[in-house]
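Report on one structure; see the data block that follows.
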Amino acid sequence: MLSPTRPIPSIPTPQSHAETTQSSSLCGEIHVIVGPMFAGKTTTLLRRIQAESNNGRTVAVIKSSKDTRYGLDSIVTHDGMKLPCWALANLSLFRQKIGTDAYDQLEVIGIDEAQFFEDLYDFCCEAADHDGKTVIVAGLDGDYLRRSFGSVLDIIPIANSVMKLTARCEVCGKQAQFTLRKTDERETELIGGADVYMPVCRQHYVIETARSVLGSQKLAYT
Ligand SMILES: Nc1ncnc2c1ncn2[C@@H]1O[C@H](COP(=O)(O)OP(=O)(O)O)[C@@H](O)[C@H]1O
Ligand SMILES: Cc1cn([C@H]2C[C@H](O)[C@@H](COP(=O)(O)O)O2)c(=O)[nH]c1=O
C-alpha cells in the first residue's frame, strides 16, 4: 500500500474469491461500483483493495478532498471501516503527489467519491490503457434528483465490470436504489451523511419527493 501516512489496518471481514480483482500487470482493468448512499460502495471498495494488498499487489486509494466528513487522511465507511488515502481535488494531481517512481510501482488504484472528480474519464483511461493499472472506482451514479452525477456514468463504456449496489429503504426496509435529500438545499454537491440523506426505494422516492414539493408549495401560499 502506498499511503501518505499509515499502514493498512486489517479489515475484519473475510474476503470471498469473487470480490478480488485479478489482472495482469501488462494490461490494466477498470471496475466500477455504483449505487445510492449507504449501499456499501466504500465498504466494497475497501475490501477489494485490502484483498489486492493481501495478494501482494501495491495499492493506493484516492478520495475527493471535497469530502471532509472524516478528515482528509482516511476513507471511512458509514459504519466505521477505515483506510488511509490520498485526498485530492483532481485525479491529475495524483502522479505528482505520489511521485513518478511510486506511481510506476503501483498496481491497483482505488477511487472513492468518484462523482466529485471531473477528470475521472481521462485518469481511468490513462491509468488502465497506458499504465497497466487496475482501477477500482466507487461513486454515486445519481444525485438526489436521480440525475447522472459527475462523470461516473461516462466510464461505463471503458469499464471491465460494473456493479450496482442497493441500500435498505429507510421507510419500508425494501431494497433502496435512490438517495433522498432530507433538507431544502438545492445545490447538486452537498457533503453530508445520515443527517442530510437517506436511502429509499422507488415508491418512497416518489412519495417523499411529492410530499416535499407539496410542503414547499403550501409554505409559498401561506
Ligand atoms: N441510514 C444509515 N445511517 C448510517 N449508516 C447506515 C445507514 N444505512 C446503512 N448504514 C451502514 O452503512 C454501511 C455502508 O457504508 P458505506 O460502505 O460507507 O456505504 P456507501 O459508500 O455506499 O455510502 C452499511 O453496511 C450500514 O451498516
Ligand atoms: C445524493 C448526493 C450526495 N452528495 C454527497 C453526500 C456525500 O458527501 C457524498 C456521498 O457519499 P457516500 O460515500 O456515497 O455515502 O456525496 C451530494 O453532494 N449530492 C447528492 O445529490
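Readers should treat all values here as calculations from the given coordinates under stated rules, not as data from a laboratory. Source: prediction; values computed, not measured. Every residue, glycine as well, gets a Cβ built from its backbone with ideal geometry; the counts of neighbours run over all protein chains shown.
Find, among the chymotrypsin sites (Phe, Trp or Tyr not before Pro) in the stretch 144-222, those assigned to loop by DSSP (not H, G, I, E, B) with at most 14 other beta-carbon atoms within 10 angstrom. Don't jump to the answer; show the numbers that get you there.
Details: sites: TYR144, PHE149, PHE178, TYR197, TYR205, TYR221; in loops: TYR144, PHE149, TYR221.
Taking the stretch 144-222 and a limit of 14 other Cβ atoms within 10 Å, the loop chymotrypsin sites (Phe, Trp or Tyr not before Pro) found are TYR221.
Residue by residue through the stretch 116-128, which ³J(HN,Hα) values in whole Hz follow from phi under the Karplus form 6.51 cos²θ - 1.76 cosθ + 1.60 (θ = phi - 60°), with glycine and proline marked x?
Coupling constants for the stretch 116-128: 8, 9, 5, 9, 4, 4, 4, 5, 5, 4, 4, 5, 7 Hz.
Given the options PRO157, PRO199, PRO84, state which has the largest fluctuation in a GNM of the chain using a 10 Å cut-off (strictly under) for Cα springs.
So, out of PRO157, PRO199, PRO84, the one fluctuating most is PRO157.
At a Cα cut-off below 28 Å, give the lysines reachable from LYS82, other chains included and same-chain residues fewer than 8 away excluded.
Partners within reach: LYS41, LYS63, LYS66, LYS97, LYS133, LYS164, LYS174, LYS182.
Nearest 5 percent is fine: what portion of the DSSP beta bridges confined to the chain is antiparallel? Could the numbers behind the result be given before it?
Details: 10 of 32 bridges.
For the chain, the DSSP antiparallel bridge percentage is about 30.
Scan around VAL61 for amide H atoms under 5 Å from its own, H built in the peptide plane at 1.01 Å from N, and keep only partners 5 or more places away or cross-chain.
HN-HN under 5 Å from VAL61: TRP86, GLY110.
Which is the longest stretch in the chain that no exposed loop site breaks, taking sites as GluC sites (Glu not before Pro) with a DSSP loop state and at most 16 other Cβ atoms within 10 Å? Intermediate results must be reported in sequence, preceding the final value.
Details: sites that count: GLU118, GLU185, GLU187, GLU189.
For GluC sites (Glu not before Pro) (loop position, at most 16 other Cβ atoms within 10 Å), the longest site-free span of the chain is 1-117.
Scan around GLN175 for amide H atoms under 5 Å from its own, H built in the peptide plane at 1.01 Å from N, and keep only partners 5 or more places away or cross-chain.
CYS169
For the chain, find the longest principal axis of its Cα atoms and tell me its angle to the long axis of helix 41-54, 0 to 90°, nearest 10.
For 41-54 against the chain, the angle is about 10 degrees.
Taking the Cα centre of each part, how many Å lie between the stretch 30-69 and the stretch 78-130?
10
What is the order of THR44, THR183, THR134, fewest Cβ neighbours within 10 Å to most? Kindly include the intermediate steps, with their values, before the conclusion.
On the way: THR44 19, THR183 12, THR134 26.
Lowest to highest Cβ neighbour count: THR183, THR44, THR134.
Which of CYS172, CYS124 has the fewest other C-beta atoms within 10 Å, and how do the rest follow up to the most?
Numbers: CYS172 12, CYS124 26.
Starting with the residue having the fewest Cβ neighbours, the order is CYS172, CYS124.
By the gyration tensor of its Cα atoms, with a ≥ b ≥ c the square roots of the eigenvalues, what is the shape of the stretch 134-198: rounded for a/c under 1.5, prolate for a/b over b/c, or oblate?
On the way: a/c = 2.46, a/b = 1.48, b/c = 1.66.
Judged from the Cα gyration tensor, the stretch 134-198 comes out oblate (a/c at least 1.5, b/c at or above a/b).
Taking the Cα centre of the chain as origin, sum charge times position over the Cβ atoms of Lys and Arg (+1) and Asp and Glu (-1), and report the length of that vector in debye to the nearest 20. It would help to have the intermediate numbers written out before the result.
Working: 23 positive and 27 negative charges, 184 e Å.
I would put it at about 880 debye.
For ILE33, list long-range residues whose amide hydrogen, built 1.01 Å from N in the peptide plane, is under 5 Å from its own amide hydrogen.
VAL137, ALA138, GLY139, MET163
Can you sort SER64, SER216, SER74 from fewest to most other Cβ atoms within 10 Å of each residue's own Cβ?
Details: SER64 23, SER216 10, SER74 17.
Lowest count first: SER216, SER74, SER64.
Report Rg(Cα)/(2.2 N^0.38 Å) for the stretch 17-165, keeping two decimals.
Ratio of Rg to 2.2 N^0.38 Å for the stretch 17-165: 0.94.
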